[in-house]
Each structure stands twice: as C-alpha cells, then as structure tokens.
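Structure record follows, encoded as structure tokens.
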Amino acid sequence: ADCIISHVRDLFEDLTPVEVTIATANGTEVRTRYTGTFNLHLPDDSGTIHSYKIPDTVYDPYTHYNILGIAKLSKFFGDSASSNDPWDKDGTRAESGGTRTHLLWDHGQHQLHFLHPTDGPGLPILH
C-alpha cells in the first residue's frame, strides 16, 4: 500500500472528509474517507515505544484493516535511498519472508522483528 490507513478513530487528529484513492496489491479504489494526522506508536525490539504524528493519513471506518504503508512511512522520515544503485537500502524498510518480518525505521535507528501469524494467510501483522 502507498498510504497509512486505519479504522481506529482514536488514533487520529483533525480529520477532514475527502475522496481518497488507495493503491494496494488488489488494485486501486476511490471512496470518500477522511484524512488527518495519525498518532503512530511503534515498539522496537527493546520494548521502547516511539511515537510520531504523521500527517495526511487515512481514516476509514469501513475497513477491517490497519495498513502501515512503508513507502508513506519512508517519505515521512525522508530516508529513501537517493541513488540509482539497486543495492542501496532505504532507511525505513520492511524485510519480509514467509514467516517473519524485520521492520526498520527512521534512518535505520529503530528496528522490530516479529513473526507472522500461523493462522490465516500468513501476512505480516504488527500488534
């Protein structure tokens, strides 16, 4: 996904109704949702909670999912690799395999390793 989207109203400030286009692996969808500032709280491997206020994120009361788009998060931190070298790494990234994900963010300063659920489709889910 190219955005951050959540159905949890309490995580947002200053919401405004707007027609939003969301691109995911399942295609593109246009619908009236709400945009505002998202209060993101991410734990790292040591258990420290890092809090950020991310503008221009999507509140959708009709979805059942919360999506943390890594491209949007990388743009927020301004830590995308700037060269054309395909081996360079962005500072914010998720390295996922079939059963686990390694999330790094904020210029690689913080990281979280987590396992994917064994029930369901096995997608990375961060609680």
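The values are calculated or read from the model by the stated rules, or taken from the named source; none is laboratory data. A quick note: this is a predicted structure, and the numbers were derived from the prediction, not measured. Neighbour counts are summed over all protein chains in view; Cβ atoms, including those assigned to glycine, are modelled from backbone coordinates with ideal geometry. The accessibility values were calculated without ligands, DNA or RNA, using every heavy atom of the protein model including side chains. Shrake-Rupley method; radii C 1.70, N 1.55, O 1.52, S 1.80 Å.
Taking residues in the range 14-27 that are assigned to a strand (DSSP E or B), and partners anywhere that are modelled with pLDDT under 80, the pairs with Cβ atoms closer than 8 Å and at least 6 places apart or on different chains are I22/A1; I22/D2; A23/A1; A23/D2; T24/A1.
If we scan the range 29-36, do we find a residue that is within 27 Å of L104 (Cβ to Cβ) and touching a residue at least 12 places away in the same chain (Cβ under 8 Å)? Yes: one or more hits. Scan the range 1-43 residue by residue and report those that are open to solvent by less than 20 Å² (accessible area, probe 1.4 Å) and aliphatic (A, V, I, L, M). Matches in the range 1-43: I4, I5, V20, I22, L40, L42. Hey, does the range 67-79 have a residue that's assigned to a loop (DSSP other than H, G, I, E, B), closer than 17 Å to V20 by Cβ and not aliphatic (A, V, I, L, M)? Yes: the range 67-79 contains one or more residues that are assigned to a loop (DSSP other than H, G, I, E, B), closer than 17 Å to V20 by Cβ and not aliphatic (A, V, I, L, M).
Among the residues of the range 49-66, the ones that are without any contact (Cβ under 8 Å) to a residue 60 or more places away in the chain and assigned to a strand (DSSP E or B) come to 10 in all.
If you check G97 against the conditions, is it of a type in the set (G, A, S) and touching a residue at least 60 places away in the same chain (Cβ under 8 Å)? The answer is no for G97. Scanning the range 80-101 for residues that are out of contact with any Ser or Thr (no Cβ under 8 Å at 6 or more places or on another chain) and either buried (at least 18 other Cβ atoms within 10 Å of the Cβ) or not in a loop (DSSP other than H, G, I, E, B) (or both) yields S96, R100, T101.
Condition test on G108, is it at positive phi and either surrounded by 15 or more Cβ atoms within 10 Å (Cβ to Cβ) or of a type in the set (G, A, S) (or both)? Criteria met by G108. The set of residues in the range 49-79 that are among the charged types (D, E, K, R), open to solvent by 60 Å² or more (accessible area, probe 1.4 Å) and out of contact with any Lys or Arg (no Cβ under 9 Å at 6 or more places or on another chain) comprises K53, K75.
For S46, indicate whether it is open to solvent by 70 Å² or more (accessible area, probe 1.4 Å), modelled with pLDDT of 95 or more, of a type outside the set (D, E, K, R) and outside any helix (DSSP H, G or I).
Answer is yes for this residue.
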